[in-house]
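S.K.: One structure follows; several queries about it will come next.
The values are calculated or read from the model by the stated rules, or taken from the named source; none is laboratory data. All values derive from a computational prediction rather than experimental measurement. Cβ sites come from the backbone with ideal geometry, for glycine too, and all protein chains shown count toward neighbours.
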Amino acid sequence: MPNVKNWWFAAFRKRVDKKTVSELLRASGQKIIFPFYHVVSNDPIPHIRHLYTYRNVAAFESDMDFLLRHFTPLHFDDYVKGRYEPDKPYFHLSFDDGLSEMYHIVRPILLEKGIPATFFINSGFADNQALFYRYKVSVLIDTVSESDLSKAISIATGAGNIQVKKPIRFLLSLRAAQEKLIDDIASAAGIDFKQYLTEVLPYMDSHQLRKLQQDDFTLGAHSVDHPEFYNLAPIAQQEQIKQSVAFVRDTFQIERPPFAFPFTADGADKNLMTDMYAHYGVSKSFGTSGIQKEKYPNHIDRIPAEYKDWSLESIVKSELHYFTAKKMLGR
């Protein structure tokens, strides 16, 4: 989240929490919100716990109850086809990365509460084929001592006996283009990511994904292997979208699946933001920048729901308040 937005959320939280959702919706002019999550669990997850905070089951259920009190759940197909009342507040829920907790924990809650949702999956990770590079970093931090991490980094980088003073900070600074270095560090530390995938099964398999589809949830694409698009050349961005969309389309017989940008849509090639709908079979695309005045007709920015330890109610109210302020300033 940008620093200005962080500051705004903190500075106005108490004032905003006193306002009703109806007041904030009316001022903002928004009718549909799009909150999204990555994972829900009561347990520490080695491949995630060092990257970001996530909801436990009770907190997630509380979030869902808040949404149901103030908004009507909206199925993705109904949103695309305009089958909803224009003056009524709605929400469409989504989840990124295709993690196994979606099937075991989130699915039963959504079915019980009657909430439709979209699950965005990475074609390179489905069926536990490979592990996201950031998850690899978290596994290393979780399972290897700092002193051993320093040694492994020195070996992998060819630094000899020079010890890395802040190995955790170093690992967290690495990006997708440096995944081979992460793998080399893991090898030097004696960590086998293939074994981790086999034992932990962090992602949903094809059977579970098809079951979600049978339950009338929507499946969408989320790139091949979750790189930062702002670090990719336009042709590489194209391939990430084409391949992941083709995987969802062909595997699950979805004619025009939605696509969610990994990390952020910022840095996506401008031509891509029109070509993907006309030529790559994408119905709608999703970003992660909160409520925005959208620049492209088929692109929707979503509300990150895993902001610190805030409830979704505080997050949604703050997003609506921030959007209204920007609108008043003509932004």
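S.K.: Exactly one condition in (1) buried (at least 19 other Cβ atoms within 10 Å of the Cβ); (2) polar (S, T, N, Q); (3) without any contact (Cβ under 8 Å) to a residue 40 or more places away in the chain is not met by residue 72; state its number.
M.R.: (1)
S.K.: Go through the residues of segment 131-153 one by one and say whether even a single one is part of a loop (DSSP other than H, G, I, E, B) and either closer than 24 Å to residue 226 by Cα or modelled with pLDDT under 95 (or both). Before the answer, list the steps.
M.R.: Initially, segment 131-153 is screened for residues part of a loop (DSSP other than H, G, I, E, B), giving 131-132, 144-145.
Among the residues that remain, those that are also either closer than 24 Å to residue 226 by Cα or modelled with pLDDT under 95 (or both) are: 131-132.
There is at least one residue in segment 131-153 that is part of a loop (DSSP other than H, G, I, E, B) and either closer than 24 Å to residue 226 by Cα or modelled with pLDDT under 95 (or both).
S.K.: Can you tell me how many residues in segment 82-95 are out of contact with any helix residue (DSSP H, G or I) (no Cβ under 9 Å at 6 or more places or on another chain) and under 13 Å from residue 218 (Cβ atoms)?
M.R.: 0
S.K.: Go through segment 112-126 and report how many residues are in contact with a His (Cβ under 7 Å, 6 or more places away or on another chain) and more than 16 Å from residue 80 (Cβ to Cβ).
M.R.: 2
S.K.: Which pairs do you get when a residue that is without any contact (Cβ under 8 Å) to a residue 24 or more places away in the chain, found in segment 238-266, comes within reach of a residue that is aromatic (Phe, Trp, Tyr), reach meaning Cβ atoms under 8 angstrom, with the pair 6+ apart or on two chains?
M.R.: Partner pairs satisfying both residue conditions: 240/229.
S.K.: Given the structure, is residue 194 out of contact with any Phe, Trp or Tyr (no Cβ under 6 Å at 6 or more places or on another chain), closer than 16 Å to residue 99 by Cβ and surrounded by fewer than 15 Cβ atoms within 10 Å (Cβ to Cβ)? Show your work before the answer.
M.R.: Values: out of contact with any Phe, Trp or Tyr (no Cβ under 6 Å at 6 or more places or on another chain): yes; closer than 16 Å to residue 99 by Cβ: no; surrounded by fewer than 15 Cβ atoms within 10 Å (Cβ to Cβ): yes.
For residue 194, the condition - out of contact with any Phe, Trp or Tyr (no Cβ under 6 Å at 6 or more places or on another chain), closer than 16 Å to residue 99 by Cβ and surrounded by fewer than 15 Cβ atoms within 10 Å (Cβ to Cβ) - is not met.
S.K.: Restricting to segment 30-69, name every residue that is closer than 25 Å to residue 292 by Cα, β-branched (Val, Ile, Thr) and either over 19 Å from the mean Cα position of the chain (by Cα) or surrounded by 21 or more Cβ atoms within 10 Å (Cβ to Cβ) (or both).
M.R.: Just the residues of segment 30-69 that are closer than 25 Å to residue 292 by Cα, to begin with: 30-39, 52-55, 60, 63-69.
Going one step further and asking which of them are β-branched (Val, Ile, Thr), we end up with 32-33, 39, 53.
Hits for segment 30-69 are 33, 39.
S.K.: Mind counting the residues in segment 197-222 that are assigned to a loop (DSSP other than H, G, I, E, B) and surrounded by 16 or more Cβ atoms within 10 Å (Cβ to Cβ)? Walk me through how you get there before you give the answer.
M.R.: Taking segment 197-222 first, the residues assigned to a loop (DSSP other than H, G, I, E, B) are 201-202, 204-205, 215-217, 222.
Now narrow it down to the ones that are surrounded by 16 or more Cβ atoms within 10 Å (Cβ to Cβ): 202, 204, 217, 222.
So the count comes out to 4.
S.K.: Moving to a separate point now. Any residue in segment 82-99 that's assigned to a loop (DSSP other than H, G, I, E, B): show its pairings with residues that are at pLDDT 95 or above and buried (at least 24 other Cβ atoms within 10 Å of the Cβ) at Cβ separation under 6 Å, as long as the two are six or more apart or on different chains.
M.R.: Close Cβ pairs (under 6 Å, with a partner that is at pLDDT 95 or above and buried (at least 24 other Cβ atoms within 10 Å of the Cβ)) amount to 98/121; 98/203; 98/204.
S.K.: Would you confirm, using the coordinates I've provided, whether residue 172 is touching a Pro at 6+ places or on another chain (Cβ under 8 Å), at pLDDT 95 or above and either aliphatic (A, V, I, L, M) or not assigned by TED's automatic domain parsing to the domain that holds residue 32 (or both)? Before the answer, list the steps.
M.R.: Working: touching a Pro at 6+ places or on another chain (Cβ under 8 Å): no; at pLDDT 95 or above: yes; either aliphatic (A, V, I, L, M) or not assigned by TED's automatic domain parsing to the domain that holds residue 32 (or both): yes.
So residue 172 fails the test.
S.K.: Among residues belonging to segment 18-49 that are in a helix (DSSP H, G or I) and in contact with a helix residue (DSSP H, G or I) (Cβ under 6 Å, 6 or more places away or on another chain), point out the one that is nearest to residue 109 (Cα to Cα). So that I can check it myself, show each step before the final result.
M.R.: Quick first cut of segment 18-49, residues in a helix (DSSP H, G or I) only: 21-28.
Those still in the list that are in contact with a helix residue (DSSP H, G or I) (Cβ under 6 Å, 6 or more places away or on another chain) too: 21, 24, 27-28.
Values: 21: 24, 24: 28, 27: 32, 28: 30 Å.
Taking the candidates together, the pick is 21.
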